[in-house]
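Undergrad: Here you go, one structure.
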Amino acid sequence: MRNYILLFIISASVLSCTKEKEVIVSDLALIPKPQNIEIQKGNFKFDKNSTLYAEEEFIIASDFLQEYLKNGTGFKLKEETKNDASIVLEKDASQPKEGYSLIVSKKKIIIKASDASGAFYAIQTLRQLLPHSMEGSEKSFQFPILVQSVSIQDAPKFQYRGMHLDVGRHFFPKEFIKKYISSMALLKMNYFHWHLTEDQGWRIEIKKYPKLTSHAAYRDETLVGHYSDQPQQYDGTRYGGFYTQADIKEIVAFAEKHNVTIIPEIEMPGHAQAAISAYPELGCTGKEVPVATTWGVFENIYCPNEKTFAFLEDVLTEVIDLFPGEFIHIGGDEAPKTQWKNCAHCQKLIKELRLTDEHGLQSYFIQRMEKFLNRKGKRIIGWDEILEGGLAPNATVMSWRGMQGGIEAAKAKHSVIMTPTSHAYFDYYQSDSPSEPLAIGGLLPLKKVYSFNPIPKELTKEEATYILGAQGNIWTEYMKTEKQVEYMAFPRMLAMSEVVWSVASTNVEKDYSEFLLRLEPFLDRLKVLDIQHANHLYELEGKVIKKDGGVYYQLKTPTKEKDIFYQLNDGASLKYIEPILISESSSIKSQVSKNGKILNEAFKDTLVYHQAITGSLQLNVSPNKSYDAGGKEALINGINGSDKRYGDKEWLGFWGDDVEITIDLGVSKDIKSFKTRFYNATGQWIYAPREIEIFASEDNIAYALLKRIKLESTERVVEVATEIYPTKKQYLKIRVPNYGLIPDGKQGAGNKAWTFIDEIIIE
Ligand code: TNX
């Protein structure tokens, strides 16, 4: 049961005498949404006579408020006794961990918290109740400010509310890191996962190993365009940068004042080519290698020899001194074992330690580093590959290849942070629009982030307590500038803040549109903060629905109070009122407007009215839950998926399964041709099948093979189109065997490949 009020409307009778505008919760535009809000009548008048009392323990909260007011208004609150102050931050041991109560009344603003985090978050809520124009630093804001009277009781859902940033692929200066951390604080997020070392650059000064910064922090040049563009081209420009230990201390102190803990990541044993480039003895071949200039997974990984362990212990000793937080991330992902397989020392070690294989050796590597870090009072986090070959005893697992790693780890009573590619990879596209800037691939629209539930159904209540929370990841292969990072981070980070803070949604459709009501005004706050953000709020969603044997096209726009206009087959522009009946192949163009003003680019959809559209379909396995947004019917709804993004609701994704699709056309029909499409994105582990088979039947029992088609194309979208010797049948069966395990040398080698299937067109 939700114990907060969604849309609390002040009673009409009160309003009619005061003529005040109705205030509803969404007007307050608070993100993440507090657990419980009750709006009261009236306002608190905030002016130069307002005074402050704050308990000593709440110094980060009171300092933040004073600093904030000084920037926005040029004014600081005078301190007063608890009784006389108009803004009071007091200790109340009955408040939940990191939670608070905030009561704004005509006379006072009273904040109660049991810990410093709670008090800090109360101030962030108060900040969001103040006009967004105060976020500016012109000191020009005019008093008095009327703050809405309200009573808020709030606490986070998860203790881990994270954002990640990869500074290895592209380097971002100190000031930007601070800006990123301060936007996390505004959203009550508390862990900044700082990915500091990569194949393409080492970014943290280590005094004992100066070549890590003089050499490993720079690459000769960088790939231009997308990794899959052929031929590959490079910019010929040296690129790099790093943080000095002084920079890091400054950032850590800044983060502390924003109630954010930094988790540094020092990758091992993979993603280590830059370090090996500086110190070739850390690799198994001893050969010189360049700092990587392209993206992907590299075979030059640390060799598990004593030199490497001494190096890593030295590095981590300096890292520990810089970062006071409990966690150190040691990576553990994407470490191809080719060199370990061919290295005499590694093979000897496997025998000596009685390990089964190279995975066991990786596990030995991580466990040894864990022991070292545990002795120093630190806990390790690793990507979910650290499950392979045996999990280090106290490790926390970051589940990125879906939720499965997290499920396994939680069942084994290990702490888990959920950050699956399907819902947490903010380097994926956020819209299907052709005008989106180049990104790595995939599709992760805002709504999908919002719909994320970090607690998988597979876990019992007890097991679920091991899920510490979730995190949004920003990998920066395709983000060269600060503005680009912000564009990818916002507004998805706002949705993620709600996933980890607020009560989980039980009705995504309803709650998402309420979230958008708060998001629209919140974007003005981001603007004043000079934070770039994407805006796809006015994009239309088209959906085919089938009713009483008819096919209809439904249009939806997620925000309220908008009109939709559409043109069917370039006909007259009509206002959209209800789903449109479709009886032939059609094109539909639509646009959103508010008060006559058009808000978005025209959205175009094409519907192929084919033989199977009125039929039904069965699958032998369900598509993966992360890629089944359109339901199985999406395969015969007349609409093709995007050419560029496999994550839309038209593509169905299957992980490792052999798929069998049975289509019932309803009655026997003349079948003359068959068309479908598969996706290839090896960087995302997606492979078109090697062959498919098409069968037909009249009774759904005896099937005859119509065609076996070999697929060899490596194009992003593999089109299958084949004529069929005309045959009159009611049922079709399509067999799509999975590609198999991902071959060596490719990203995700050894894992199961994904299969993505688009519309099946029968004519
Ligand atoms: C996989 S997530 C990676 C990163 C890439 C990212 C791109 C993870 C542990 N490894 O190295 O940047 O995909 O989406």
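Undergrad: Of the peptides 744-755, 442-453, how do they stack up when ordered by the mean number of other Cβ atoms within 10 Å, highest first?
TA: Peptide ranking by packing, descending: 442-453, 744-755.
Undergrad: Per q in 0.11, 0.12, 0.20 1/Å, what log10 I(q)/I(0) does a Debye calculation on the alpha-carbon atoms of region 616-762 return?
TA: For the requested q values the scattering log ratios are -0.39, -0.47, -1.25.
Undergrad: Once the Cβ-Cβ distance between Asp744 and Glu436 is put in as r, and R0 is 45 Å, what FRET efficiency do you end up with, to the nearest 0.05?
TA: That pair, Asp744 with Glu436, gives E of 0.85.
Undergrad: Also, I was wondering about something else. Give me the number: length gained by fully extending Glu509 to Glu763, i.e. 0.36 nm times residue separation minus the C-alpha to C-alpha distance, one decimal in nm.
TA: Result for the pair: 87.9 nm of gain on full extension.
Undergrad: By its C-alpha gyration tensor, with a ≥ b ≥ c as the square roots of the eigenvalues, how is the chain shaped: rounded for a/c under 1.5, else prolate for a/b larger than b/c, else oblate?
TA: oblate
Undergrad: If you stretched the chain out fully between Lys710 and Lys376, how much longer would it get, using 0.36 nm times the residue separation minus the C-alpha to C-alpha distance?
TA: 114.6 nm
Undergrad: If you don't mind, another one. Taking region 574-672, which chymotrypsin sites (Phe, Trp or Tyr not before Pro) meet the DSSP loop condition and have no more than 15 other C-beta atoms within 10 Å?
TA: Of the chymotrypsin sites (Phe, Trp or Tyr not before Pro), the ones in loops of region 574-672 whose Cβ has at most 15 other Cβ atoms within 10 Å are Tyr609.
Undergrad: Checking the table Lys448/Lys483; Lys48/Lys78; Lys33/Lys457; Lys457/Lys547; Lys188/Lys249; Lys178/Lys483 against a 20 Å threshold on Cα-Cα, which pairs fail?
TA: Lys448/Lys483; Lys33/Lys457; Lys457/Lys547; Lys188/Lys249
Undergrad: With an 8 Å Cα cut-off and a minimum separation of 6 or more residues, compute the relative contact order for the chain in percent.
TA: 9
Undergrad: Okay, moving on. What list of ³J(HN,Hα) couplings, whole Hz, do you get for region 507-514 from phi and the Karplus terms 6.51, -1.76, 1.60, once you set θ to phi - 60° and write x for glycine and proline?
TA: 9, 4, 3, 5, 5, 5, 5, 6
Undergrad: Say each of Glu541 and Lys107 gets a label point 7 Å from the Cα, pointing the same way as Cα to Cβ; how far apart are those two points in nm?
TA: 4.8
Undergrad: Treating the beta-carbon of each Lys and Arg as +1 and of each Asp and Glu as -1, no other charges, what is the dipole magnitude of region 188-247 about its Cα centre, to the nearest 20 debye?
TA: The calculation lands at about 380 debye.
Undergrad: On to the next question. Reported to two decimal places, what Rg/Rh ratio describes region 160-528 when computed on Cα atoms with Rh from the Kirkwood expression?
TA: Rounded to two decimals, Rg over Rh is 0.96.
Undergrad: Need the full-extension length gain, Glu221 to Lys48, defined as separation in residues times 0.36 nm minus the C-alpha distance. One decimal, nm.
TA: Result for the pair: 56.8 nm of gain on full extension.
Undergrad: Considering amide H positions built from the backbone, and no H for Pro or chain starts, which residues 5 or more places from Lys729, or on another chain, come under 5 Å of its amide H?
TA: Lys669, Ile671
Undergrad: Still on this model: Given R₀ = 35 Å, what would the calculated FRET efficiency be for Arg238 paired with Glu57, taking r from the Cβ atoms and rounding to 0.05?
TA: That gives a FRET efficiency of 0.10.
Undergrad: In region 253-281, which residues have a backbone nitrogen under 18 Å from the label point lying 7 Å from Lys178's Cα in the Cα-to-Cβ direction?
TA: It comes to 253-262, nothing else.
Undergrad: If you don't mind, there's one more thing I want to ask. 5 Å is the cut-off here: which amide hydrogens, built 1.01 Å from N in the peptide plane, fall below it relative to Ile724, excluding neighbours closer than 5 in sequence?
TA: Amide H neighbours of Ile724: Ser673, Phe674.
Undergrad: Apply the Karplus parameterisation 6.51 cos²θ - 1.76 cosθ + 1.60, with θ equal to phi minus 60°, to every residue of region 636-653 and state each ³J(HN,Hα) to the nearest whole Hz, in sequence, with x for glycine and proline.
TA: Those phi angles translate into 9, 9, x, 10, 7, x, 5, 6, 10, 10, 7, x, 6, 8, 8, 7, 10, x Hz.
Undergrad: Where in region 235-279 are there trypsin sites (Lys or Arg not before Pro) that are in a DSSP coil and have at most 15 other Cβ atoms within 10 angstrom of their Cβ?
TA: Arg238
No lab work stands behind these numbers, since they all come straight from the coordinates. Here the structure is a predicted model, which means the values were calculated and not measured. Here Cβ is always computed from backbone atoms with ideal geometry, including for glycine, and neighbour counts include all displayed protein chains.
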